[in-house]
Each structure stands twice: as C-alpha cells, then as structure tokens.
Amino acid sequence: MASYDLNTDVTFEILSRTDLKTMKKCRVLSRECNTLTYESDFMQCHIKRTNILCGYLIQSLSFSHLYFTFLSDDEPGINDRKLKFDFLHADHVEILAVTETGLVFCKSQHPENQHYFCKPTTQQRELMPSPNPPYPATQYPPEKIAMIVLQSIDLWFKIVWLSDNSESYDHTYKFLQCKIFDSNTWAWKQSDDLKLSYDEVFESTDAISIHGGLHWLTLTGKKYRILTFHQDKENWESIHVPDSCTSDYCYRIHLTIYEGKLTIISKRRGADLLEVWTMEYYKQKCWNKRYNIDLEGRKEEIGYYMTVSFYNAETILMLNDCRAIFYNFKKKQIIRSIKLGTKHKYPMLVSFVQTDYEPIQLKRN
C-alpha cells in the first residue's frame with residue numbers, strides 16, 4: 001500500500017506540471033492516471049502550476065441582446081483571466097460553437113454575418129467562408145451547430161451545421177439540411193439531409209464531443225435518444241439511453257461527460273435525486289449507473305436548476321434562474337454560488353472549456 005501511495009504522489013507531481021496536451025494524452029496510460037486528472041485537487045494544482053484557463057463559457061439572450069460570461073470554480077485569485085472577443089474588431093458577436101480546447105466558431109452582425117474561427121486565449125482569428133446560404137432562405141434559424149477537433153497539432157477540425165429544411169416536411173418526418181466545414185480544405189460541403197421524426201426535438205443545449213463524434217440528446221414523445229454524428233464516415237447513428245431514462249420516470253435528463261465518458265444525468269420525478277449513468281464501453285454502448293446524487297433538503301439553497309454538467313470528478317455545475325452553483329456531491333456541500341443576474345436567466349449555450357495559451361497552427365491541404 002505504501003508503494004502505491006508513493007507512486008500516486010509521484011504521478012500527481014509529474015502530471016500536474018505537464019502542459020495540457022501532454023496531460024490529456026497521459027489519461028490513456030491507465031485507469032488510475034485517467035481518474036487522477038479529473039480530481040478537484042489535481043485540477044486546482046494543475047491550474048496553479050501551468051498556464052491554463054478552465055471553466056464555463058455561457059452565452060445568453062435577453063431582450064434581443066447577447067451576453068457572455070465565464071465561470072470557474074477555481075480559488076479566487078488563481079484564475080482571473082477571461083475569454084474576451086474584442087480582438088475580432090466586430091460588433092455583436094454571436095458564439096455558434098465551442099470546443100473543450102477553447103476554440104470558437106462565431107459570427108458578427110457588423111460586419112454583417114461574417115464568420116470567424118478563433119482562439120480567444122491567443123487572440124488568433126481566421127475569417128471563414130459562410131455557408132451558402134447561411135441557412136435555408138426561410139424564417140427558420142439554424143437548428144444546431146457544433147465543432148469537433150480531429151487533430152490538435154497541425155490543427156484539424158470540422159463544423160457540422162444542421163438547419164431547418166421546412167420544404168421537406170410531411171406529417172411523419174422532417175429533414176434537416178446538413179453542411180460540413182473541413183478546415184483542411186477550408187470549405188463547406190453539402191451532406192445528406194438528416195431524417196427525423198416530425199415531432200422529434202433537440203434537448204441538448206449544445207453537442208457533446210467525445211469518441212470522435214458529436215452527440216445530441218433528442219426527445220420524441222416520451223422517448224429520449226442520443227443522435228450521433230461520426231466524423232470519420234460523416235454518417236449518423238442513434239444510441240439508446242438507459243431504460244429508466246424516459247419522461248415517464250424522469251423530469252429532465254442532461255447529456256454531458258464524466259471522466260472522459262459519455263454520461264447522462266437524470267432528474268427523477270417526485271424525488272430530489274439525480275441518477276448518473278456513464279457509458280463505460282462506448283463500442284458496446286453499455287450503460288452503467290455510477291452514482292445517485294441525493295439533493296434532499298437542498299431545494300431552498302439550489303432552487304429550480306436548468307443545466308447540469310460535471311466540472312470535475314466531485315463537482316457539478318447547476319444553473320438556476322440567476323445563479324450558478326458548484327456543488328460537491330461527494331461532500332454534499334455547495335462549493336461556490338455565483339450570482340449571474342437576470343440577463344443570464346435563459347442561457348443559450350453552456351460550454352466547458354479547458355484551454356491553454358499556446359498558439360495554434362492550422363493544417364491546410
């Protein structure tokens with residue numbers, strides 16, 4: 001046991017001093033290494049010892065105006081840096097997609113509908129071609145937009161843009177136009193339409209990028225499913241959710257990531273209880289119930305929460321009407337409560353970001 005403790009301490013000391021890219025690569029060395037890097041003590045130490053920005057980028061719409069904020073559970077004074085977009089020299093910037101590595105796809109209204117790819121921490125930006133047209137020439141806005149990083153050195157990424165094709169509706173199915181941007185070619189291409197049930201709606205605030213794919217949560221009637229875009233073959237797959245995760249049993253479910261695994265958090269009807277399900281083996285699509293998080297007696301403190309996400313192995317983020325709450329579910333205590341104000345009452349985008357200040361180099365064919 002003493003030997004194991006020593007090895008754990010040595011691993012902690014080494015990994016907490018490595019850069020972000022190296023640390024993430026080390027997660028595949030062993031289950032112990034993977035678990036260690038998600039622990040709150042490790043994350044705090046890693047942020048202190050390296051140049052890292054870690055937290056949530058939130059975009060909200062209030063009275064036709066977009067507002068941004070950046071939230072972190074770091075100790076006060078450690079992480080005073082913020083994600084800013086002044087370097088774009090554009091007014092009324094709208095964030096369309098964010099990656100965990102801190103890359104952002106956005107557009108400006110002035111100049112009108114110019115699209116950018118950028119890394120705010122290094123103030124790098126690239127003017128991008130806009131989809132032509134940006135979305136179908138109807139009154140309907142885009143449905144979902146997401147970005148996935150395929151390669152971090154000699155950066156390679158793709159953007160998937162789903163938009164409402166109202167002309168393809170019937171009483172049984174609807175079709176979403178799918179456009180894909182590839183940074184290698186620096187161009188958009190039209191893909192096959194995505195076929196959905198007529199009454200199927202997206203429940204996810206944004207896509208979850210993991211295992212080489214983009215994952216959205218959708219709801220049809222009382223049945224949830226995970227809609228997955230695989231970037232390698234550029235095709236779609238439907239993934240089942242645990243049998244107990246239906247609207248009959250759950251008030252709401254959230255799709256997120258926990259310790260590098262695709263995860264569902266479900267709020268049980270009639271109980272102050274969150275169930276945490278992780279997909280332990282992605283290829284087999286096997287779900288395992290990981291935790292029951294009992295929130296009984298916390299209703300007055302937490303209130304009605306809209307979004308749930310894991311910040312680290314012990315802490316979840318919950319957003320209620322005007323507050324962000326970091327709750328340590330293992331210690332059963334609120335770590336931090338941050339007042340957001342009424343302008344962030346209805347967030348459009350809540351994205352976890354763990355990024356560095358190293359300049360990126362785009363790969364181009």
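The values are calculated or read from the model by the stated rules, or taken from the named source; none is laboratory data. Note that the structure is a prediction, hence the values are computed from the model and not measured. Heads up, the Cβs are rebuilt from the backbone with ideal geometry, glycines too, and the neighbour counts pull from every protein chain shown.
Some observations on this one:
- Segment 144-166, residues that are more than 21 Å from C106 (Cβ to Cβ) and either in a strand (DSSP E or B) or out of contact with any strand residue (DSSP E or B) (no Cβ under 9 Å at 6 or more places or on another chain) (or both): Q151, I153
- Selection status of A324, surrounded by 13 or more Cβ atoms within 10 Å (Cβ to Cβ), part of a loop (DSSP other than H, G, I, E, B) and not polar (S, T, N, Q): no
- Residue that is modelled with the lowest pLDDT [pool: residues in segment 306-344 that are among the β-branched types (V, I, T) and over 15 Å from Y291 (Cβ atoms)]: T307
- Some residue of segment 115-124 being surrounded by fewer than 18 Cβ atoms within 10 Å (Cβ to Cβ), in contact with a helix residue (DSSP H, G or I) (Cβ under 8 Å, 6 or more places away or on another chain) and at pLDDT 90 or above: yes
Yes or no, residue by residue, for (1) assigned to a helix (DSSP H, G or I); (2) of a type in the set (V, I, T); (3) in contact with a helix residue (DSSP H, G or I) (Cβ under 8 Å, 6 or more places away or on another chain); (4) buried (at least 19 other Cβ atoms within 10 Å of the Cβ):
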site: K25; (1), (2), (3), (4): yes, no, no, no
site: V28; (1), (2), (3), (4): no, yes, yes, no
site: D41; (1), (2), (3), (4): yes, no, no, no
site: F70; (1), (2), (3), (4): no, no, no, no
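- Test: residue in segment 241-253 that is of a type outside the set (G, A, S) and touching a helix residue (DSSP H, G or I) at 6+ places or on another chain (Cβ under 7 Å): no
- Residue list for segment 72-103, restricted to those being at pLDDT 85 or above and in a loop (DSSP other than H, G, I, E, B): T99, E100, T101, G102, L103
- Within segment 269-284, the set of residues being within 16 Å of Y305 (Cβ to Cβ), outside any loop (DSSP other than H, G, I, E, B) and not acidic (D, E) comprises L273, L274, V276.
- Criterion (at pLDDT below 90 and either among the hydroxyl-bearing types (S, T, Y) or under 29 Å from L150 (Cβ atoms) (or both)) met by exactly one of P347, P359: P347
- When we screen L262, L255, L214, L227 for residues that are modelled with pLDDT of 90 or more, touching a Leu at 6+ places or on another chain (Cβ under 7 Å) and either crowded, with 17+ Cβ neighbours inside 10 Å or outside any strand (DSSP E or B) (or both), the only hit is L255.
- Candidates L273, L295, L362: the one that is touching a strand residue (DSSP E or B) at 6+ places or on another chain (Cβ under 9 Å), surrounded by 18 or more Cβ atoms within 10 Å (Cβ to Cβ) and aliphatic (A, V, I, L, M) is L295.
- Segment 49-65, residues that are among the hydrophobic types (A, V, I, L, M, F, W, C) and at pLDDT 85 or above: I52, L53, C54, L57, I58
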